[in-house]
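Data first, discussion second: the structure below is written as structure tokens.
Read-outs throughout are calculated quantities, based only on the coordinates presented, and are distinct from any laboratory measurement. The model shown is predicted, which means the values in this text are computed figures rather than measured ones. With ideal geometry, Cβ positions are generated from the backbone for all residues, glycine too; neighbour counts draw on all protein chains shown.
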Amino acid sequence: MVRIVESIFPCSQADPLIGILAGSRIGELPNRDELLLHSGGPITDLSQRSFLPSLDSIRILFFEPQSDDITLRESTLEPTRSALSGEIFLTQAPPLVMLVQEWQNGRWNSVDELHPKTLAAALEAAEKWEIKPTNLDEKMPIVPGGFAGLLGYDLSRWSVEVELENTPKDGELLGVLWRCDAWWVHEREEEKLRLLSLENHPWASIDEAPEIIQPKLSKLSYSLVPHSETDASHAQKVEKIRDGIRGGHLYQVNYGRRWTSEMVDHPWNAYLRLNESNPAPFSSWLHLDDHGWSVASASPERLLKLQQNTLSTRPIKGTRARGSSHAEDERLRIEMASSEKEIAEHLMLVDLERHDLGRVCKTGSVHWSDWRIEALPTVQHLVSGVSGELLPNVSFGAALSALFPGGSITGCPKTVTMAAIDELEGAPRSAWTGSIGHIHSGAKKSEFNILIRTLEAKSGPLNWFGTVQAGGGIVIGSTASAEVEEARWKAAAVTEAAWGFRTGFSAEELPERELGMLEVPKITGTLGRLSPGKMGRFSRRENKRVLLIDNLDSFTENIADAFARIGAEVRIVAGRGLNSVNVSEQIDELIEGFQPTHIVLGPGPSRPEVSKITMEIANRAINGRLILNDSHIPLLGWCLGHQALGRAVGWDLVESPLGAIHGVPSKIYHDAEAIFSGIDNPMIQMRYNSLVLKPSNSKLQPTAWDKTKTLVMGLRHDSLPIHGVQFHPESVGSPDGAKIISSFIDLEPIHTILSEQVRQSRRPQS
């Protein structure tokens, strides 16, 4: 059993850990691996501390498997397959290569090799080497004996089951974690250095603060213009994404543009320049010496924080440049908060993160906690907090895997957009949009960033070679020129630090102004009705069982949570990827086994025909054959499920003549009957749809319409408990949505004449 030894030293320097690391770089230490988790800029709730670990214990490396272990893609992928047309292939990646090394006799020695099938399993396996001290204190900012390091974006294939074409080369390094048995902690506000160390570590005997060397900011001797695609090419890809959104195949895609070139000097110098020009709360420096891999980041974004049982994330979406004056700054903030496009991006991401957290958190605990504007040197962002209470039987590995990669840097729905990113970018992302952070599972303490505003550098025979990537979330309201400009804003500080080349405006155009956290400006209208807070609560219902068909959407867990909050038992069943010819038999088994009181056909990308189970249930319902115990089960079609009901009666499904709408809180008019009884008219509901139903017969009745009263937003059957809604009642952008969910769950099964006929048809024939 091992204890933690703690020492505290006064320190008034601004960035002492950079100085300590700079001093160690001068020496001739055998282990040249380096990791720094650095907070810069104004001291806020996000940037209270910086961390510098000792890296002389255990190291875990993650590698791309060899091609011999991979089923040839030619056998599974059609050459014409396009994620932008909804054509994706769901598959589990081959086992990951996980190499465990121990620092012994001045070198890293391999002691074990594992082949976990998932990222969650890999992180759970790492716990074997974790050390849990006996004197843990919840107030400790970090716990020695846990791990810290980098998980590259390409590890996402082990958290999301989707086939990608542009995977890393065989044996490519995908990530690294070090066990950190000692930490220097800079308490910024208290101006002190804190040393936390396991009692058997050499740092435990340190009795005075180490020498802090102020590193010299080296000016670049010359500048380089890195290679990048043209603005025209970038713009074309934005339009391809918008075409995919119009077709209903996805809602938002985060495309990243790449700048590459040999480095002018060592990436460490680039990190120092970046820290000086663009301080950020989740900055980091990583250097893996024997693999020639360095990462310098000025990230403002947190992926995950785990504090005991509270799991939280702080997604960023919605961007404006800094203005040339205080007045322009404020004007741009109001413009951002009033922009339908920016709010759509942001709320879509909040819904996505609620879904991801809902996979591993207690029912009813996940909520949109707050939002604000974070003003950085070159840009200002809309930032939200989303949090929940971790389920007691869920490991940290499962929690991190549920959120990885972050929704803000993929898009929505996550599975489809990851395939679209792969198609558009045409290369692995490597470190960019992965995460750097620390984890101690035993102490239930962790924090990881998202690697944006990042330089990745790899050493070559003569020089280092650097890559910078930046982009933004493309939605239907995006314009190509604005997206090109936004990517340049985001990359500017990093490319200047790396090559002396700014991709956007000059530094002279950005005079010093207030940095930090600002309130979201108050606005009027529909958007003004939205604000963070816990979802509405309604009286609990007993003995309700909801069968929810998931159609590869990134909001399914939000729907399940909404029903679970009012006491319903929910079973989620995959509706995509089901290729069996026995779909009907499987539905029979589900209904007989689960005995649902209600069925929900869930939302998802593309057309309802891609989900065999959804269409089969829709057809049964329309034909009066969705029977249990001689009664017709109440059914609600949700977005794609709503479209499935229309298709089941022969209605056309067409691109909306008024254009696609995704992530926009919208006015919806309704007939005030059935599930819409007692609800404001018009009501506010979040829409995620490119396609709309065009009625061609009276087998179903329209019950709700858009603000123009021309597009069908709701439907129902005349006599059976069958309803459809084109919008998303579960969304944070649907303040009136919970009432619809409650009204639907109150619907009772209806005894029908057909039910006896159905029952008779299922009897064995003599």
Exercise for the section: For each of Phe448, Phe563, count neighbouring Cβ atoms within 10 Å of the residue's Cβ, then give the residues from fewest to most. Expected result: Phe563, Phe448
Practice task
When you have a sec, figure out the Kirkwood radius of region 610-687 from all distinct Cα pair distances and drop it here in Å to one decimal?
Solution key: 14.6
Exercise for the section: Give, rounded to the nearest 20 debye, the magnitude of the charge dipole that region 523-655 has about its Cα centre when Lys and Arg contribute +1 at Cβ and Asp and Glu contribute -1 at Cβ. Expected result: 580
Exercise for the section: Putting +1 on Lys and Arg Cβ atoms and -1 on Asp and Glu Cβ atoms, find which of Asn689, Ala568, Pro749 reaches farthest to the positive end of the dipole of region 537-761. Expected result: Asn689
Practice task
Using packing as a proxy for protection, rank 183-191, 683-691, 715-723 so that the peptide with the highest average count of other Cβ atoms within 10 Å comes first.
Solution key: 683-691, 715-723, 183-191
Practice task
Identify, among Leu451, Ala337, Val394, the residue whose Cα sits farthest towards the positive end of the charge dipole of region 329-467, taking +1 on the Cβ of Lys and Arg and -1 on the Cβ of Asp and Glu, with the dipole about the Cα centre.
Solution key: Val394
Completion exercise
If amide H atoms are modeled at 1.01 Å from N in the peptide plane, then the residues at a separation of 5 or more from Tyr251, or on another chain, having amide H under 5 Å from its own are Cys412
Problem - Angstrom value of the Kirkwood radius, inverse mean 1/r, which spans all Cα pairs in the chain - result: 27.3
Practice task
Highest first, please rank the peptides 340-352, 249-261 by the mean number of other Cβ atoms sitting within 10 Å of their residues.
Solution key: 340-352, 249-261
Fill in the blank from the handout: For region 537-761 the mean separation of alpha carbon contacts under 8 Å (6+ apart) over residue count, i.e. relative contact order in percent, is 20
Exercise for the section: Kindly rank 382-388, 286-292 from highest to lowest mean number of other beta carbons found within 10 Å of each residue. Expected result: 382-388, 286-292
Exercise for the section: Treating only the Cβ atoms of Lys and Arg (+1) and Asp and Glu (-1) as charged, compute the dipole magnitude of the chain about its Cα centre; round to the nearest 20 debye. Expected result: 1840
Completion exercise
Note to self: C-alpha centroids of region 172-206 and region 543-557 sit apart, in Å, by 44
Problem - Two-site FRET efficiency, Asn623 against Ala427, from Cβ-Cβ distance with R₀ of 51 Å, rounded to 0.05 - result: 0.55
Practice task
May I ask you to derive the FRET efficiency for Gln13 and Leu114 from their Cβ-Cβ distance with R0 = 60 Å, giving the value to the nearest 0.05?
Solution key: 0.90
Completion exercise
Relative contact order as a percentage, the chain, C-alpha pairs under 8 Å and 6+ apart, gives 14
Handout entry: Projected label distance in nm at Ala232 and Ser719, using a 7 Å step from Cα toward the beta-carbon
Key = 6.4
Practice task
Work out the length of the dipole vector of region 537-761 about its Cα centre, built from +1 on the beta-carbon of each Lys and Arg and -1 on the beta-carbon of each Asp and Glu, and round it to the nearest 20 debye.
Solution key: 380
Problem - Farthest positive-ward along the chain dipole, Cα basis, beta-carbon charges - from Gly724, Ala121, Ser365 - result: Gly724
Problem - Cα→Cβ-extended label distance, 7 Å offset, between Glu585 and Glu673, nm - result: 4.2
Completion exercise
Rounded to the nearest 5, the percent of DSSP beta bridges in region 537-761 running antiparallel is 60
Fill in the blank from the handout: Rounded to the angstrom and largest first, Cα extents along the principal axes for region 537-761 equal 47, 38, 32
Practice task
Determine the distance separating the Cα centre of region 357-387 from the Cα centre of region 1-52; give it in Å without decimals.
Solution key: 28
Practice task
Quick one: angle between helix 326-338 and the longest Cα principal axis of the chain, in degrees between 0 and 90, rounded to 10, please.
Solution key: 30
Completion exercise
Whole-Å distance linking the alpha carbon centroid of region 253-295 with that of region 625-645 is 53
Exercise for the section: Would you mind calculating the relative contact order of region 576-641 from Cα pairs under 8 angstrom and at least 6 residues apart, reporting the percent as a whole number? Expected result: 45
Practice task
At 7 Å along the Cα-to-beta-carbon direction for both Ser338 and Leu658, put a label point, then send me their distance in nm to one decimal.
Solution key: 2.2
Exercise for the section: Using 0.36 nm per residue of separation minus the Cα-Cα distance, give me the extension gain between Lys139 and Glu514 in nm, one decimal. Expected result: 131.9 nm
Practice task
Taking the chain as the reference, fit the longest principal axis to its C-alpha atoms, fit the long axis of helix 480-499 to the helix C-alpha atoms, and give the angle between the two in degrees, 0 to 90, nearest 10.
Solution key: 20
Problem - chymotrypsin sites (Phe, Trp or Tyr not before Pro) lying in DSSP loop within region 271-345, provided at most 11 other Cβ fall within 10 Å - result: none
